[in-house]
Amino acid sequence: MNDQHIEPELSVGEIMKLYLSHWRMFVFFTAVLFAISIVVYAIKIPYVATTSIIFNDSQNSPVQAFSAQFFGLSKSVQESKKGSSLLSKHIEYLKTREFFEAVLAKIPERGESTAITLEERQGFVILKEKYLDHLNEAPENKIIFLQKLDKWTRAQLDADFEIKISAATPSRPVSLFLVNTVTEVADDLLKKREMHEISRVEDFMKTQKADADEKLMAVGKELASLQTKDGSILPLVSKDKIGDYVSDLLVRGNEIKLKMAENKKLIEYLNKGRSAGSDSTMYGVGGKVEALKIENSLLSDKLSQIQYSIDRVKAESKQLPFQAQMAEDLKKKSELEFTRYKELSTALAKLEAQKLSIGSRFEVLEAARWETTLPQIGLMSLALLSILLSQFMGSLIIYFRYLWNPNVVIAQASRNLVIFDNHSMDPRVIIENSKIKFSVKQSKNEFLTGPSSELNQ
């Protein structure tokens with residue numbers, strides 16, 4: 001009917017009675033949706049196997065603490081937090097094609113191992129029959145399988161020091177086998193990647209250390225050659241030392257001259273009144289005179305040597321500043337090379353500690369197990385979802401069939417009803433029409449002419 005009329009508002013009890021009177025419809029919807037859920041559960045819902053790789057640091061590993069404290073490793077690299085660049089880099093690597101190709105190469109090797117469980121072997125057989133045996137038939141088969149590996153597996157940060165790895169496939173054995181294989185490959189490759197980076201740094205430092213050692217030896221030899229050169233007065237580079245050395249030479253020369261003068265006087269004294277050949281030169285006065293002459297001859301040679309040393313010092317003292325500067329530069333260069341050599345040796349020791357820490361940095365505490373490999377969405381969850389959807393669909397049907405009627409105005413809202421009068425120009429009607437909360441359809445016979453006339457009056 002198109003006649004509009006006012007009915008009382010439905011109470012909560014009346015609405016509940018309306019719902020209960022249609023319980024068969026709700027049961028039907030629930031049964032149908034639950035049957036659909038079972039089909040989806042059996043065909044589409046994947047099985048998810050999950051495991052994790054623990055990232056050890058100085059707070060949860062004694063080896064890492066030893067490496068960090070004893071060798072003073074960088075804390076920013078050693079202790080990576082959630083969302084840090086280091087762990088994020090590792091997770092991004094676990095999404096690369098290089099990683100999935102390594103997983104593909106590992107699948108046959110691990111599948112033939114005797115260490116895996118029967119369930120995992122069953123998963124390997126499924127992968128082998130469905131994918132691996134057909135990889136060489138067409139070039140695109142390998143790409144398709146790598147894309148499936150990327151789609152099936154997922155790596156993410158689950159905690160501050162934990163990389164969570166999961167595999168979701170339609171087959172429970174495949175999920176179990178695949179996640180353990182991916183975890184094993186990830187653990188091995190992450191260690192190798194960090195070890196490779198450390199090895200590159202180590203090779204560079206070893207090259208620098210060998211270069212520093214070679215330069216240190218060359219500088220040492222050059223400095224030793226400069227300081228130990230025959231006739232070099234470089235060890236006496238200090239002015240005070242040179243002055244003391246020259247003064248000592250002069251004193252020794254004067255002493256020799258005095259001694260020679262005394263011997264000469266003594267010879268002259270002994271020769272007084274002595275005729276030539278009066279006594280032997282082997283003993284007596286002749287022997288004494290001969291001994292004094294021999295002594296003067298030796299002293300004369302010493303005096304010549306002292307004078308030569310004095311002349312040499314005077315001659316070389318002109319080049320002494322240049323030689324001293326060369327020696328000083330060589331000493332500084334030697335100190336720099338030694339400092340460099342020492343720092344490189346310390347850095348290499350730290351790298352050895354870093355290698356030790358990398359060996360235990362990544363750890364798989366427990367592999368995925370058969371009993372923990374479960375569907376992504378449980379059957380109970382699907383049942384609850386079916387009940388909710390059946391309630392929603394039944395409520396919509398009840399509303400549109402019984403409660404929603406454009407020709408019915410509830411009594412509570414009738415006082416807010418303003419009737420349209422399209423032919424009236426009364427400002428009051430226009431103002432009231434702007435406040436309309438809902439409209440009532442006009443009938444073909446325009447039965448509202450009476451009320452609008454009353455409003456216009």
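Bear in mind that the values in this text are calculations on the coordinates, not laboratory data. Quantities reported herein were computed from a predicted structural model and do not represent experimental measurements. Glycine also receives a Cβ, built like all others from the backbone with ideal geometry; neighbour counts cover every protein chain displayed.
Below, the figures for the structure above:
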item: Candidates per GluC sites (Glu not before Pro) in segment 87-196, loop by DSSP, up to 15 other Cβ within 10 Å; result: 112, 137
item: Above-threshold pairs, the threshold being 20 Å between Cα atoms, out of 164/350; 44/151; 130/191; 142/192; 221/333; 215/355; result: 164/350; 130/191; 142/192; 215/355
item: Per-residue Cβ neighbour rank within 10 angstrom, fewest leading, 216, 258, 336; result: 258, 336, 216
